[in-house]
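Structure first, commentary second.
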Amino acid sequence: MDKRLRAASILLILASPAAAQEAMDHAAMDHGAMDHAAMDHGAMDHAAMDHGAMDMSMPGMDHGAMSMNGQGSGSSRLPRNEPMAGVHLVSNADDMVMVAGYVWPIYTNQSGPRGDDKFYAQSAAMVMWMHDFGGAQLTASAMLSAEPTMRHDGYPILFGSGEVGYGQPLVDRQHPHDLFMELAAKLNVPIAPGISAFVYGGPVGEPALGPSAFMHRASARYNPEAPITHHWFDSTHITYGVMTAGLAGKAWQLEASAFRGREPDEHRWAIEAPKLDSWSVRASFAPSPAWLVQASYGTLKQPEATHPDEDERRFTASAHFNNGKGLSATAGFSAKRRIPGETRTAWLGEANWNITRHHTLFGRIENVANDELFPDEDDPLHDQPFRVTKFQAGYAYRLALKGPVQVALGGSVALFAKPAALDSAYGKNPIGTTIFARFSIGP
Ligand SMILES: [Cu+2]
């Protein structure tokens with residue numbers, strides 16, 4: 001089958017709970033615990049589904065560090081109030097299989113001389129299998145995206161930058177994500193009361209660097225635009241080759257990773273050769289169920305194909321809030337330094353407020369010193385940093401469709417503050433307008 005067709009059919013399968021069950025029979029076929037009673041319970045718990053928040057976490061598994069709640073992307077943590085949402089296909093004492101995903105058709109119009117408009121779809125489908133070995137716990141995760149069906153230069157987003165399309169650095173664009181966003185496993189072993197040791201890794205994973213990636217944060221759930229600071233905070237969420245080891249308690253986590261520094265190339269259907277040439281460390285602290293703060297630091301070996309002589313050092317710190325009643329927020333700071341080169345800093349604040357069962361307000365403010373806006377070496381502004389602030393606000397109307405499928409209809413508007421030196425390139429007051437219909441199961 002054609003690769004695109006195959007990816008599209010995976011997403012279609014996951015858009016239908018009945019078909020998803022069918023699919024899971026095959027994905028998890030080597031373990032004998034495919035109890036149909038349990039499957040039906042997990043997939044058809046309409047009472048839980050109708051509650052909108054889709055919190056299907058298992059209270060029985062909520063023992064300290066082994067809790068499913070508060071788990072972010074890769075091995076990252078989020079506030080314990082943030083549920084790991086999805087549809088349980090299998091849910092018994094030893095095994096749990098969960099699926100979640102979204103297909104997100106979007107139209108965006110980014111105005112001004114550097115703007116563009118485009119209709120496109122973001123997407124992701126996740127399958128997670130958790131097995132309990134009488135205390136030790138194995139979690140295997142696969143996350144797929146159909147975004148490689150997009151053009152190599154992704155979609156327009158003013159002042160966004162990072163990665164490559166058609167051999168050129170992408171500027172005012174967001175790159176599509178790879179077919180394999182994650183193929184990784186984590187083994188958690190309790191070593192003392194309330195403390196466990198873990199190893200996480202795989203051919204495609206996320207090192208212990210930065211906050212949980214934006215598409216996994218409740219504070220960005222209905223925001224259709226990738227952060228323009230993606231390459232300061234969470235761009236390493238798809239890394240080919242990751243090995244992480246750490247210690248975790250209910251309220252804290254310490255971890256270190258070895259991983260491939262080079263970011264994914266523009267051929268997004270393929271799994272690239274893993275390497276362990278870079279490292280990072282991260283400390284996370286959860287003083288209460290509503291809060292999670294992390295600080296992380298790493299060195300990336302030659303992350304950018306278009307700057308093959310440059311390494312990068314990245315420091316990030318972020319605070320994540322979730323009150324457990326529909327309000328979530330993230331604030332972050334990042335400093336990234338090119339070796340050789342300068343340090344460029346970025347700030348991010350974002351929030352999502354599910355005011356009622358149907359109405360959601362969201363927004364994001366970002367401030368970043370970007371020196372990649374003029375990639376042409378002959379341009380007098382080449383390599384010069386420009387500090388830009390993006391203000392974005394949006395609204396979504398959420399509706400439960402059939403079974404666990406939800407839709408969110410909405411839009412956002414973004415305005416920018418920028419130095420006058422950018423007026424001729426970007427126009428005086430460029431605006432980013434985006435509308436969407438987000439179909440999801442789980443989050
Ligand atoms: Cu990304």
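The values are calculated or read from the model by the stated rules, or taken from the named source; none is laboratory data. All figures in this text were calculated on a predicted structure; none of them were measured in a lab. As a convention, Cβ positions derive from the backbone with ideal geometry for all residues, glycine included, and neighbour counts pool all protein chains shown.
Scan the stretch 211-230 for residues that are more than 10 Å from the ligand (Cβ to nearest atom), part of a helix (DSSP H, G or I) and over 13 Å from Y102 (Cβ atoms) and the total you get is 2.
Considered as a group, the residues in the stretch 140-155 that are part of a strand (DSSP E or B) and crowded, with 21+ Cβ neighbours inside 10 Å include one that is farthest from the chain's Cα centre (by Cα), and that residue is Y155.
Condition check ((1) more than 25 Å from F321 (Cβ to Cβ); (2) assigned to a loop (DSSP other than H, G, I, E, B)) across all residues:
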| position | (1), (2) |
| --- | --- |
| L138 | yes, no |
| G162 | yes, no |
| P176 | yes, yes |
| L187 | yes, no |
| A208 | no, yes |
| W232 | no, no |
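Listed here are the residues, each with its yes/no results for (1) within 20 Å of Y222 (Cβ to Cβ); (2) touching a residue at least 24 places away in the same chain (Cβ under 8 Å); (3) aliphatic (A, V, I, L, M).
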position: P385; (1), (2), (3): no, yes, no
position: F391; (1), (2), (3): yes, yes, no
position: A396; (1), (2), (3): yes, yes, yes
position: L401; (1), (2), (3): yes, yes, yes
position: Q406; (1), (2), (3): yes, yes, no
position: P419; (1), (2), (3): no, yes, no
position: A425; (1), (2), (3): no, yes, yes
position: G432; (1), (2), (3): yes, yes, no
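Take the conditions (1) more than 14 Å from the ligand (Cβ to nearest atom); (2) among the hydrophobic types (A, V, I, L, M, F, W, C); (3) closer than 28 Å to A100 by Cβ; F159 misses just one of them, which is (3).
Summed over the stretch 412-433, the residues that are touching a Gly at 6+ places or on another chain (Cβ under 6 Å) and farther than 16 Å from V171 by Cβ give a count of 2. Among the residues of the stretch 384-414, the ones that are assigned to a strand (DSSP E or B), closer than 18 Å to T356 by Cα, more than 21 Å from the chain's Cα centre (by Cα) and not small (G, A, S) come to 2 in all. Of all residues in the stretch 234-248, those being closer than 14 Å to G261 by Cα, of a type outside the set (S, T, N, Q) and in a strand (DSSP E or B) number 4.
May I ask you to say which residue of V127, V164, V97 is out of contact with any Lys or Arg (no Cβ under 6 Å at 6 or more places or on another chain) and within 15 Å of the ligand (Cβ to nearest atom)? Testing whether each residue is out of contact with any Lys or Arg (no Cβ under 6 Å at 6 or more places or on another chain) and within 15 Å of the ligand (Cβ to nearest atom) leaves just V164. Checked against (1) away from the ligand (no atom under 16 Å from the Cβ); (2) farther than 14 Å from S296 by Cα; (3) of a type in the set (G, A, S); (4) crowded, with 24+ Cβ neighbours inside 10 Å, A208 meets all criteria but (2). E182 falls short on exactly one of the conditions (1) under 22 Å from M130 (Cα atoms); (2) among the acidic types (D, E); (3) surrounded by fewer than 24 Cβ atoms within 10 Å (Cβ to Cβ), and that condition is (3). Taking the stretch 299-326 as the range and being touching a residue at least 60 places away in the same chain (Cβ under 8 Å) and either part of a loop (DSSP other than H, G, I, E, B) or surrounded by fewer than 17 Cβ atoms within 10 Å (Cβ to Cβ) (or both) as the test, the residues that pass are E304, A305, T306, N323, G324, G326. Consider R268 carefully, then state whether it is out of contact with any Lys or Arg (no Cβ under 9 Å at 6 or more places or on another chain), in contact (Cβ under 8 Å) with a residue 40 or more places away in the chain, among the basic types (K, R) and buried (at least 22 other Cβ atoms within 10 Å of the Cβ). When the stated conditions are applied, R268 passes them.
Conditions (1) hydroxyl-bearing (S, T, Y); (2) under 28 Å from A192 (Cα atoms); (3) in contact with a Gly (Cβ under 6 Å, 6 or more places away or on another chain); (4) at pLDDT 95 or above, marked per residue:
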position	(1), (2), (3), (4)
A245	no, yes, no, yes
R268	no, no, no, yes
A290	no, yes, no, yes
K301	no, no, yes, yes
A317	no, no, no, yes
